[in-house]
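Please read the structure below before turning to the comments.
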Amino acid sequence: MIAFLVTAGFAFLIYLVLTAGSGTIGLWSQVELIAGGVISLIVAAISRNYFCRMGDYRMANPLRWVILGFYAVIPFFIEMAHANIDVAYRVITGRIRPGIVKLSPGLKTDFGVLLLANSITLTPGTLTVGIDEETNDLYVHMINIGMGAEKKELFEPKDVFSLFQFPEWIRRIAE
Amino acid sequence: MIELVVQGAVLTGLVIAAVLIIHFRDLLSAAVAFGIFSFLLSLEFYILQAPDVAIAEAGIGAGLTTAIFVMAIRGTQRMEEVEE
Amino acid sequence: MNMSKIVREAANLLFPFILVFGFYIVLHGHLTPGGGFQGGAVIATGFVLLFVAYSYPQITERIGVGALHNTETLGLLLFIVTALIALGFGVTFFTNWMLDIGPILNNPVAFGPNPGDLNTAGVIPVMNIAVGIEVLGALSVIVLYMMSGTKETI
Amino acid sequence: MKNLVIGATVLILCLGILYVGVGLEFGVPLFTDMDEYFVSHGQEQTGGNNIVTDIVFDFRGFDTLGEATVLFTAVLGAGLVFRKRGEDEEYEYE
Amino acid sequence: MIADTIIMVCLGIGLLFNALGVLGILRFPDVYTRLHAETKTTTFGTIFISLAVIVYGATRIMQGETAMYLSLSVHTFIALVALAFTNATGAHAIARAAHRSGQVPKPAVVDRLQEVRE
Amino acid sequence: MMQEIILQNLPALLLAVPMLGAFATPLIGRAGGGARNLWTVAVMLATLAIAIVLTAQVLSSGTVVYTFGAGAADLTVPADSGGIPVRIIFTVDAMGAFMTLSASIVGLGVMLYSLSSASRSTGQNGYYALLLLLVVGILGMVCTGDMFNFFVFLEINSLAGAALVAYRVDKGVAVEGGLKYAVLSTLGGLLVLFAIALLYGQYDALNIAVLASRIQFTPLDQIALVMLLVALAMKAGAVPMHFWTPDAYSMAPSAITALLVVASQASLYGVFRVVFTLYGLTLNYVTIGWIIIILGVLSMFVGVTMAIPQKDVKRLMAYHAVSQTGYMLLGVGVGLAVLGNPQLLDSYGVIAMEGGIFHIINHAMYKGLLFLTAGAIFYRTGTRNLNQLGGLGHSMKWTMVFFIIGALAIAGIPPFNGFASKLMIYESVFLFNPLLAIIAMVVSILTLASFVKVFHSIFMGPRLPEYAEVREAPTPMLIGMGLLSLLVVLFGIFPQEVVDILITPAASALIDQGGYIASVLGGA
Amino acid sequence: MTDIWFVAVAVLGALIVLTMVRLLAGPTAPDRVVALDTVNTLTVASMIVLSVAYGQTVFVDVAIVYALLSFVGTLYVAKYLGGEMSA
Amino acid sequence: MLDTYTLQTGTGFWDPVVWIVVFLVAFLIALAIWLLGEKDYRRGTQQVKPFLSGNVEPEKADVHMRAGNLYWGFTEAMKGYYSRLVPLHTGVLNDYVLWFLGVMALVFVIVGVAA
Amino acid sequence: MFFNLPFIVAALLVILGIITMLIKRNLIKMIMGLSLVEAGVNLLLVSLGYRAGGIAPIFTNAPAGVMVMPTVQAMTLTNIVIGIATTALLLSFVMVIYRMYGTANANKVRKLRG
């Protein structure tokens, strides 16, 4: 039941964003609001078992979404810009030293792992290649491993991220 | 004039993708090329002011066509047989 | 076999989003680019996303082929019955009979370029919905059939 | 021999089909009366803003029914070839 | 006028990064490094192009045309988020598939995943 | 009130009823096999009733036009449109009504026959739904007055046909036949659409009447003509594009094969509609007429000669179907070749066309009958190989009688209906070109020879030990066959009646391009 | 002002044509999928820019459809390549 | 009365009723002849067996002529024709497509030349 | 002539598809060729309806201008649906054939001949 409501609320929110600017009640017209309600109920009926896995409603807290937005705009974006300049440098010079390393972030929720994996993929010279289904350890392809660093069995997050510690942020968001 | 350049680029890509579909012996690669072909076709529809058709081609070409081709390849064989 | 945890989680998150977007396209068919077919294809692709993220047994225990088949038939029947009702009004097959019914489904619109209003166009939104659910059922059922065909035995 | 036939066929079809590029002019249709009607009267006759949807569901709604029928047919066909068949349903073909 | 400049700059950065990404997938030696170029650079470039569009929509809203440019900006933003999300996941899926299909990273100095698999 | 609505909307109901029936069939099939059978037969009966009433309406009051989505059925041209029709229009003239009648009669026979012939296989819900959809495709093709609508129904026809051909998977061989049929007909359909696009690009119209009134026969029109002509002739199974025909016909369930014959005749109708109504006198009718005649003669000869060495009874009959299609092409082609010469047209052109058109319905009846008998034999014995069959005349008497009727009709032996139409073709073609008539007669003799062989090897001879258990075919099968054979005999005894009532209006409707245009656009 | 947008689309079109080189050359299927992803991203960018260039804001929906759906095809190819598609 | 059943074929006519009457008359004559035949013929006795120069009558199944042998002479006589025609039906889908498109190309040429 | 580029490309796509169907022996490749033909026809249809400087036929927030022809777009939509249905059905057939015959080569899928 909670899953149904959470999914319906989420769907309604998305529908509102999609139809922003359609009328006069706030930004929306009356018919759009009714249609959005109906649609969100249908969507929730179909997809509640997928959107909300068993008994995990942490993400229903709006505060976490605010932090997520902040995370996406400030640290993530800066890292991304940094990453891109780095990749651009390597594209032009062709100076690379790639390898696949193991990273143990210690995250527990699936959503957190997803966020971290996508963050890693989009940021400095790293790309998630594999994941250990039990321990949530990530296997990360790095485009430039520091000299000698490949000897390390397990990479710490601070070896990978230069400016911000993503796992800390994501723990704050998702756990 | 600049529209013509845009259209020329997209159409060139379209023809290249079509030729590559024929050229690849690896059917999986051909399916991937078909995906690209579908993207470019949709972009061309978009340029020709047909957004309805572009959405239809996008919805079909992006996911479904590739999916059914890959499944058909999984159901048969990946490589085209070499002519004797 | 299912795909990695990351892909599964991403599919879970994207699925309701795709559904909402698909329904948005279906409902706004008479205002923005799109319509029943396009929206149905988008929703069907959402289902196909689930099919790819999970394995075939996992999918079939949650989503029945029969349910999707019924959805398809329901859409078709809704479509043809909507068209047939027009005969009862003394006009021909496929006439837009809801145009004269009043403001619930047929808001008066300004002609020429306008921002658009959802409850206009009489029978067209109803047919959009009908075709939408027909197409979503049909396309996902076809993909499911082909998935079942990739198994070694029939 | 066969390659020659294929070549000749493709060549003639090329000439025939590529003639489209010469015979018609892009962007300047010769007659436009039917589509002018749709553009200028479609919105007031059906109330829909998207003329393409108006055509698909109102002016040419029967085509759409046919199209939906084709989809239904394909689903039935795919279902039939992948169905579970009974024991005695294998016929001998020699 | 300032808005125009911002739009130009954003477009310029976006196109530059897109070009670099395409260059990257042409230059890099193996599939993993190409994925680096593809995922990060083109996504980043597209984000900047979208930003240009969003800024353009915002300026038009400032000039008083609300409804349509609001929807333009919002929809562009949605496309942006969706693109970033799906690109990252897709890149992961491809990298994983490439690794599972037995493609070793060519000039790699270390491959922990391969060790685990063996 | 109800009756009035039905009478006003006959052309729409003709399509809507079987469509609704097909869509609901899988749902009703959940309730049980008996309910589904009852439902499909009821739907088919309703369709036949509508077709008969529609035909009567067409014959009594001229061409029926039906505008989809307009305020009234005959409001083809909206008041503010400047004299062009904008909606989809059904134009059922005498030719279309004739085809409608033939298709729905065969459809009913096939449906009754299927009640027992399909009763042993799985997936019957899909089978019946597809059967109804195939009927929908045929009816739509022959009723429509709109090029794109024609294409859509062509695709329904192709896909439903292909899916049904593959119905008995049969170690994949049936699927091979279905694949060949589907690929070729899809390619043909796409080329038809290409041609439609060319016509649309020049004249901005899709309605056949409007196109016919505007057509100029520019080079693009010629390209479109060739594509339409060849693609539809391929769908009709004309030699040398007939290769899919034996493959598909022999592997389909027999009931379906009987209906596939009608489906390919719908394509033949498309050919006639294109050359006569769409292009009319603007095309160089002598060239096109001779092309059609040559296709017809080749079909007749190659079809029958390929039939003689066959061992598979259904494959043999499929080649005969090709051969008989040649007669229709020949008859109508002769009519086309003299289209521009009123004198010759009056003296033998019309008769030739009437013969060709009469042959369409005759062929649908007797070839359907023959395929059904072949299916009955296969149902009881489990083989189609002529070298293994024999001595069935002792146990399957009714089937033998029906087979004799069909075989004599196809060979053109009086007093069955095949003779009547062939006689018309012989006499008129002899005036046009004696050689063609002689070829036609030779082919007829070879047909008889071939069917003597089939008859001998299936029914004659002593009772064979492996078929000692064989009994008569079940009653629904016999009813289906009996319906068709009754019509064969009736059409043979009263040919002039049929010609007067059905055929002459159909032939004159084909020739009368101006009347067709006037019925849609008004005035003229 | 509108010309800028068209110039941007022209550059993107040229980049799409360039990407075809990887599609042709890519020694393995994953390389070609990389080209597919790139073309997808560039197409979305072109569509967004073109909708502004044409002044038709409703066109952006097409770009959203692409951004959302194109990775389904990628996932299918990945599933096949990873040997995980055993139904 | 007869006129309504007569098929007019432009130059000639055909009357199925007359034909049926003639057929019936012929049938009656045949029946009469049959009735005039041997009266003491009995089924199931030695009379059924044909007299084959004193040889033993072979089993029925052995004399039954199978379909493949029935027109052996005809196919043998037209061997040259069949040896060319039958291999054309290759069963390969590409060939089918080639025939279709080839005929289309041919008709293109014919129509192009004629116009 | 040069401005007829979309028509020429559409015709080229049709021809490329036809060539694929003629020379490729793999059944899946042939179906890809069929899809190419279909794409070519779609492109031809849509470009037939284009009018120079036209805008899309949607009145929602539309700028001023002449609209392109909408009928072809409706036709193309129909054709796209028909195309996906046909492709799916044909691919199902090919999968069944492969399972029964063990090959998807048109040269070997020929039990029906003669």
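Taken together, the values in this text are just the output of simple stated rules run on the coordinates, not laboratory data. None of these values were measured; they are calculated from a predicted model. Virtual Cβ from ideal backbone geometry, glycine too; neighbours counted across all protein chains shown.
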Requested in this report: Apply the Karplus parameterisation 6.51 cos²θ - 1.76 cosθ + 1.60, with θ equal to phi minus 60°, to every residue of the stretch G:62-75 and state each ³J(HN,Hα) to the nearest whole Hz, in sequence, with x for glycine and proline.
Outcome: 4, 4, 5, 4, 5, 4, 6, 9, 4, 7, 5, x, 4, 5
Report summary line: Of the stretch C:54-76, those with amide N under 20 Å from the point 7 Å along the Cα→Cβ vector of residue F:31 are C:67, C:69-76
Report task. Would you mind ranking F:92, C:65 so that the residue whose beta carbon has the fewest other beta carbons within 10 Å leads the list? Result -> C:65, F:92
Query - the stretch C:12-55: radius of gyration and largest Cα-Cα distance (Dmax), Å - result: 10.9, 38
Requested in this report: Assign unit charges at the C-beta atoms only (+1 for Lys and Arg, -1 for Asp and Glu), then state the dipole size of the protein assembly as shown relative to its Cα centre in Debye, rounded to the nearest 20.
Outcome: 3420
Report task. Taking 7 Å along the Cα-to-C-beta vector as the label spot, tell me the residue F:282-residue H:90 distance in nanometres, rounded to one decimal. Result -> 3.9
Requested in this report: Let me see the pair-distance distribution of the protein assembly as shown: every alpha carbon pair, 10 Å bin width, integer percents in order.
Outcome: 1, 8, 16, 21, 19, 14, 9, 6, 3, 1, 0, 0, 0
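If each DSSP helix of 4+ residues adds -39,500 (n - 2.57) and the sum is divided by the residues in the protein assembly as shown, what number results at 222 nm, nearest 500 deg cm²/dmol? Numbers along the way, then the final one.
Details: 59 runs with 996 residues, N = 1465.
It lands at -23000 deg cm²/dmol.
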Query - Residues with amide H under 5 Å from that of residue F:312, placed H, sequence gap 5 or more - result: F:386
Query - Within chain I: Cβ-based charge dipole about Cα centre, in debye rounded to nearest 20 (Lys, Arg +1; Asp, Glu -1) - result: 760
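Given the pairs D:84/F:311; F:235/I:108; F:367/H:79; F:235/F:314, which span a C-alpha to C-alpha distance of over 26 angstrom in this model?
Numbers: D:84/F:311 31 Å; F:235/I:108 24 Å; F:367/H:79 29 Å; F:235/F:314 19 Å.
Violating the 26 Å limit, Cα to Cα: D:84/F:311; F:367/H:79.
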**Report entry** Inter-probe distance in nm under a simple model that places probes 7 Å from Cα toward Cβ, at residue B:5 and residue F:479
**Finding:** 7.5
**Report entry** Pairwise FRET efficiency - residue E:63 versus residue A:2, Cβ, R0 = 41 Å, nearest 0.05
**Finding:** 0.35
Query raised in the report: So what's the gap between the Cα centers of the stretch F:337-372 and the stretch B:1-80, to the nearest angstrom?
Result: 47
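Suppose R0 equals 41 Å. What FRET efficiency, 1/(1 + (r/R0)^6) with r the Cβ-Cβ distance, do residue F:49 and residue H:18 give to the nearest 0.05?
Details: r = 36 Å, r/R0 = 0.87.
In this case the efficiency is close to 0.70.
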Report task. Quantify how strongly other chains surround peptide C:124-131 by giving the mean number of their Cβ atoms within 10 Å of each of its Cβ atoms. Result -> 5
Query raised in the report: According to the Kirkwood expression over distinct Cα-Cα pairs, how big is the hydrodynamic radius of chain F, in Å?
Result: 22.9
Report summary line: The simple spin-label model distance between residue E:2 and residue H:43, using points 7 Å out along Cα→Cβ, in nm, is 11.4
Report summary line: Of the convex hull drawn through the C-alpha atoms of the stretch F:294-352, the volume per residue in Å³ is 58
Query raised in the report: Quick one: Cα centre-to-centre distance for the stretch C:33-75 and the stretch D:12-72, in angstrom?
Result: 30
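Taking every residue in F:77-90, how many Cβ atoms of other protein chains lie within 10 Å of its Cβ, on average? Intermediate values should be presented prior to the final figure.
Numbers: counts 0, 3, 0, 4, 7, 4, 1, 5, 2, 12, 9, 8, 1, 2.
Going residue by residue through F:77-90 and averaging, the value is 4.
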**Report entry** Ascending count of other beta-carbon atoms within 10 Å, so fewest first, for D:31, F:371
**Finding:** D:31, F:371
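Taking the Cβ of each residue in F:173, C:48, D:22 as the centre, tally the other Cβ atoms inside 10 Å and list the residues starting with the fewest.
Values: F:173 23, C:48 28, D:22 13.
Going from sparsest to densest Cβ surroundings: D:22, F:173, C:48.
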Query - Förster radius 60 Å - calculated FRET efficiency between residue F:218 and residue I:113 (Cβ-Cβ, nearest 0.05) - result: 0.90
Query raised in the report: What base-10 log of the normalised intensity I(q)/I(0) is obtained for chain B from the Debye formula, alpha carbons as equal point scatterers, at q = 0.13, 0.18 Å⁻¹?
Result: -0.47, -0.78
**Report entry** Residue-wise HN-Hα coupling along the stretch F:251-267, computed from phi with Karplus coefficients 6.51, -1.76, 1.60 (Hz; x: Gly, Pro)
**Finding:** 8, 6, x, 4, 4, 5, 4, 4, 7, 5, 4, 5, 4, 6, 5, 5, 5
Report summary line: The alpha-carbon pair-distance distribution computed for the stretch C:5-149, with 10 angstrom bins and whole-percent values, is 12, 33, 30, 16, 8, 1
Query raised in the report: For the stretch I:66-82, in order, what is each residue's ³J(HN,Hα) by Karplus, 6.51 cos²θ - 1.76 cosθ + 1.60 with θ = phi - 60°, in whole Hz (x at glycine and Pro)?
Result: 6, 9, 6, 7, x, 4, 4, 5, 4, 4, 5, 4, 4, 5, 5, 4, 4
Report summary line: In whole percents, the bins of 10 Å from zero upward hold the Cα-Cα pairs of the stretch D:2-82 as 14, 20, 21, 30, 13, 2
Report task. Name the residues whose placed amide hydrogens come within less than 5 Å of the amide hydrogen of residue A:131, ignoring near sequence neighbours (fewer than 5 apart) on the same chain. Result -> A:139
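On a full-extension model of 0.36 nm per residue, what is the gain between residue F:3 and residue F:171, subtracting their alpha-carbon distance, rounded to one decimal in nm? Each step should come with its number before you reach the end.
Working: separation 168, 0.36 × 168 = 60.48 nm, distance 5.00 nm.
Going from the current span to full extension adds 55.5 nm.
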Query raised in the report: What span do the alpha-carbon atoms of chain I cover on each of the three principal axes, reported in whole Å from largest to smallest?
Result: 61, 32, 21
Requested in this report: Could you state the orientation-averaged shadow area of the convex hull built on the Cα atoms of the stretch C:1-80, in nm² to one decimal?
Outcome: 5.7
Query raised in the report: Within 10 Å of each Cβ of C:46-59, how many other protein chain Cβ atoms are there on average?
Result: 5
